[in-house]
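Heads up, the thing below is written out as structure tokens.
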Amino acid sequence: MNREPVRHIGPEELAEQGRFAALVQAHHSRPRSYHIVTYGCQMNAHDSETLAGTLSGMGIANAPRREEADLVLFNTCCIRDNAERKALGNITWLKEIKKKRPHMLIGVCGCMMQQRGMAETVLKQYPFVDIAFGTGSLYRLPEYLYLAVEEKRRVIDVSREESTIAEGLPVLRESPFKAYINIMFGCNNYCAYCIVPYVRGRERSRRADDILREAEALVADGVQEITLLGQNVNSYGNDTGEIPFAQLLRRLEATGIPRLRFMTSHPKDLSNELIEEYARNRALAPHLHLPVQSGSDNILAAMNRRYDVRTYLDRVDRLRAARPDIGLTTDLIVAFPGETEEDFQQSMALVERVRYDSAFTFIYSARTGTKAAGLPGQVAPDVASERIERLIAVQEGITREVLHSLRGQRMGILVEGASARRQSQMTGKCGRNISVNFTGGHEGLVGRIVPVHITGAGSNTLRGEYIKEEETT
Ligand code: 5AD
Ligand code: SF4
């Protein structure tokens, strides 16, 4: 494991990037527009917001369509085989476009590039790709563009700068009223199936003051909802010895942010303090994404998850006691090597017992370099597909029941805009992160948290009526 100390990128390095940015901006053949294609999790989505912030700061405009952009960046994910295949397919598609628009620059970045040897392979097999860089060096994008534009060089930088934290990078948020904040990077858990520790490096937490400063600026900017991001937020602060996660939540509540979310939590690190925080923290949304992965103790042990079903269920019960309106969501993997029908039945039973609002279900995908890739008992693809279908069917039924049980409630909805299906209705998210379409609202509510009376439920959305605010006083 990499044990070099965490390095905070200093102002001199950022100033140097500023000089590269100015050189690119002054260059006659600079890109004038960019398009970013993002795969994977919220971490990657937020990295893309940072890339967009850097590019727009250089006077490069966003192009809605990739085929019309001068610079296309693919921010890739490698968590499962299909995430990789999708990215590579889309990169290939751009080859023909580039033939017609030879000045187009194509960059590939993100987790896929962090895999050993992958960036070299991509540059070799995709000769029309100009730039390849990893997740630890986003802040150097101006330099890469300078090398590509001025020196006409192909750039490859996957220097595995895993132990860096760059503060103060510009961010172009996708939403004016919702924002992400990274609180930590990397993961030390080494779940047997997972590639993340190998591509995102070891856990390193940002300083609490830096996080709070960012949150205060967002609140001042009118942001209504902050989602804290990290591969394992429950171990926030373990590496720095600063404050633990529950205390960070408390300090964030004091910024006045109306709604606070976080992801992802590892069940083994879900502390009593955090459970108590759900009972008292008014900013904390009544939602927790708590990936269980399997309902079988044998499989959980083989996955190196370091909790058993009993411990997991105990934490679920205590969370619900602390916050009765909490909605839980999860991730489940089917067909992990060695999973028997009985193990699978235990996952089905766990889903029935917990009654999640919704679940992300995945067929196990072997990732080179992980412990599970070498395990015996790989499950046949037809068995895996059949299992996932059964699991999805059970969860769909539960989702429907849970949503129906919410009828009659009054909820605060963060309004996102007009409903795509019915323009006369508005849509937004409740605290449990369920989409709610409602009547009686108007465009003026966008970006606000407003009271809505829930009147009905579909298969994965709720319906409601806006409670006019004068009526609520
Ligand atoms: N195969 C299938 N699913 C995986 N996940 C992570 N790695 C793999 C893999 N190799 C799932 C886990 C995790 C979610 C983000 O992706 O369920 O929680
Ligand atoms: Fe996110 Fe993991 Fe995919 Fe990277 S590999 S984008 S951290 S899910």
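The numbers here are math on the coordinates, done by the rules we state, and not lab data. None of the values given here were measured: they were computed from a predicted structure. Cβ placement follows ideal geometry from the backbone for every residue including glycine, while neighbour counts extend to all protein chains displayed.
Mind sorting HIS103, HIS289 by how few other Cβ atoms lie within 10 Å of their own Cβ, fewest first? Walk me through the numbers before you get to the answer.
Values: HIS103 10, HIS289 20.
Fewest-to-most ranking of HIS103, HIS289: HIS103, HIS289.
What value, in deg cm²/dmol to 500, does the helix sum -39500 (n - 2.57) over DSSP H runs of n ≥ 4 give at 222 nm once divided by the residues of the chain?
On the way: 15 runs with 172 residues, N = 473.
Computed ellipticity for the chain at 222 nm equals -11000 deg cm²/dmol.
Residues whose amide H falls under 5 Å from that of PHE262, counting only those 5 or more places apart or on a different chain, are LEU228, with hydrogens built in the peptide plane. Taking the Cβ-Cβ separation of SER385 and ASN62 as r and a Förster radius of 25 Å, what is the calculated FRET efficiency to the nearest 0.05? For R0 = 25 Å, the calculated efficiency reads 0.05. Applying the Karplus relation 6.51 cos²θ - 1.76 cosθ + 1.60 with θ = phi - 60° to segment 129-143 yields 3J(HN,Hα) values of 7, 9, 9, 9, 8, x, 7, x, 10, 4, 5, 9, 3, x, 5 Hz, where x marks Gly and Pro. The distance separating the Cα centre of segment 349-384 from that of segment 103-134 comes to 29 Å. Divide the volume of the convex hull around the Cα atoms of segment 171-405 by the residue count and you get 132 Å³ per residue.
Could you work out the relative contact order of the chain? I mean the mean sequence separation of Cα pairs under 8 Å and 6+ apart, divided by the number of residues, in percent. Provide the component values of the computation, followed by the final result.
Details: 918 pairs, mean separation 47.1, N = 473.
Normalised by residue count, the contact order of the chain is 10 percent.
Neighbours of GLU253 by Cβ distance under 10 Å: Lys/Arg scored +1, Asp/Glu scored -1, total +3. Taking amide H positions as modeled 1.01 Å from N, with prolines and chain starts lacking one, the residues under 5 Å from CYS109 and 5 or more places away or on another chain are PHE74, ASN75, THR76, PHE133.
Once the Cα-Cα distance is subtracted from the 0.36 nm per residue extended length, the GLN409 to THR368 segment shows a gain of 10.0 nm. Evaluated over the chain, the count of Lys pairs having alpha-carbon atoms less than 25 Å apart is 19 (only pairs 8 or more residues apart or interchain).
In segment 189-269, the inverse of the mean reciprocal separation of distinct Cα atoms equals 13.6 Å; this is its Kirkwood hydrodynamic radius. Counting other Cβ atoms within 10 Å as a rough exposure proxy, the listed residues CYS109, CYS430, CYS191 run CYS191, CYS430, CYS109 from fewest neighbours to most. Given their separation in residues at 0.36 nm each and the Cα-Cα distance between them, HIS27 and ARG320 gain 99.6 nm when the chain is fully extended. Diffusion coefficient (Stokes-Einstein, Kirkwood radius over C-alpha pairs, 37 °C, 0.692 mPa s) for the chain: 138 µm²/s, rounded to a whole number.
Assuming R0 = 45 Å, can you tell me the calculated FRET efficiency for the pair GLU151 and ILE243, based on Cβ-Cβ distance, to the nearest 0.05? List each step's numbers first, then the result.
Details: r = 45 Å, r/R0 = 1.01.
FRET efficiency, GLU151 to ILE243: 0.50.
Mind sorting TYR126, TYR190 by how few other Cβ atoms lie within 10 Å of their own Cβ, fewest first? Show your work: numbers first, answer last.
Numbers: TYR126 17, TYR190 13.
The order, fewest Cβ neighbours first, is TYR190, TYR126.
Amide H contacts of ILE363 (H built 1.01 Å from N, in plane; Pro and chain starts excluded): VAL334 sit under 5 Å, all sequence-distant by 5 or more or on other chains.
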